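Each remark here refers to the structure printed beneath this line.
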């Protein structure tokens, strides 16, 4: 359990596949350094990486905010982009609007959002078409 | 359903020899592996992998290395003679992810490793 409060912000650029994943691996390093339980670190890292890939694949830009407290790790991802027209459809496993380019990267199978939800204790998503998407996840640290 | 034999651990060095693999990076090949996954879809790896798993893949992108880091994989083997470029190797080295490459197909590599781990060698 991390004994201290910690917060950091990571900017993510849409279509920048070269750096895609850098924010999430940075988040993972921070959590490991803070002494967060490895199983929690892995869950947060997977959720963060899926969210980051969504920003890279679909949005113009995004910002990820990591907050760590003794009770929980939270990540908020806010992006500017096309938004999601039908969130309940996007949450269905296998539903995807990915392009062939995204699939060539090994993503875009319509599994990202469900996997984020699976790894989180709390999951909230809101979106406005032609504006952007806001995603919030919380993973509990304390038993 | 037949019961699987108890899996045995196999080192990355043994895997290198078994698959006649080239080592692109990875200083410590004494790391032991008990589980292997074969996938070209990183979404599957993110959803289904377990920590310490070795990944066989035909996908050669930086995202493979980043996925390995995120999910705590023990290493990556590129199959079918696929060769990662310098930026991918540099990223793997920096991330301390061992990366091997074999001429074998995914099916052949997976079969050999399955046999080695479950004692049918």
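The values are calculated or read from the model by the stated rules, or taken from the named source; none is laboratory data. These figures come from a predicted structure and were not determined experimentally. Cβ: placed from backbone, ideal geometry, glycine included. Neighbour counts: every protein chain shown.
Things to note:
- For residue A:78: the one exception among (1) within 14 Å of chain B (Cβ to nearest Cβ); (2) assigned to a strand (DSSP E or B): (1)
- Residue in region B:19-37 that is part of a helix (DSSP H, G or I) and in contact (Cβ under 8 Å) with a residue 12 or more places away in the chain present: no
- Residue A:62, sole failed condition from (1) modelled with pLDDT of 95 or more; (2) over 17 Å from residue A:15 (Cβ atoms): (2)
- Of all residues making up region B:66-80, the number that are touching a strand residue (DSSP E or B) at 6+ places or on another chain (Cβ under 7 Å) and either surrounded by fewer than 22 Cβ atoms within 10 Å (Cβ to Cβ) or closer than 24 Å to residue A:41 by Cβ (or both): 5
- Tally of residues being more than 18 Å from residue A:63 (Cβ to Cβ) and either under 12 Å from the mean Cα position of the chain (by Cα) or assigned to a helix (DSSP H, G or I) (or both) across region A:113-138: 8
- Criterion: in contact with a helix residue (DSSP H, G or I) (Cβ under 7 Å, 6 or more places away or on another chain), crowded, with 19+ Cβ neighbours inside 10 Å, within 14 Å of chain A (Cβ to nearest Cβ) and not in a helix (DSSP H, G or I) - qualifying residue of B:91, B:55, B:100: B:55
- Residue identified as out of contact with any strand residue (DSSP E or B) (no Cβ under 6 Å at 6 or more places or on another chain) and loosely packed, with under 13 Cβ neighbours inside 10 Å among A:90, A:20, A:39, A:98: A:39
- Residues of region A:106-143 that are modelled with pLDDT under 90 and surrounded by fewer than 21 Cβ atoms within 10 Å (Cβ to Cβ): A:109, A:110, A:142, A:143.
- Any hit, region A:6-14, residues being within 14 Å of chain B (Cβ to nearest Cβ), crowded, with 20+ Cβ neighbours inside 10 Å and at pLDDT 95 or above: yes
- Take the conditions (1) in contact with a helix residue (DSSP H, G or I) (Cβ under 9 Å, 6 or more places away or on another chain); (2) within 10 Å of chain B (Cβ to nearest Cβ); residue A:99 misses just one of them, which is (2).
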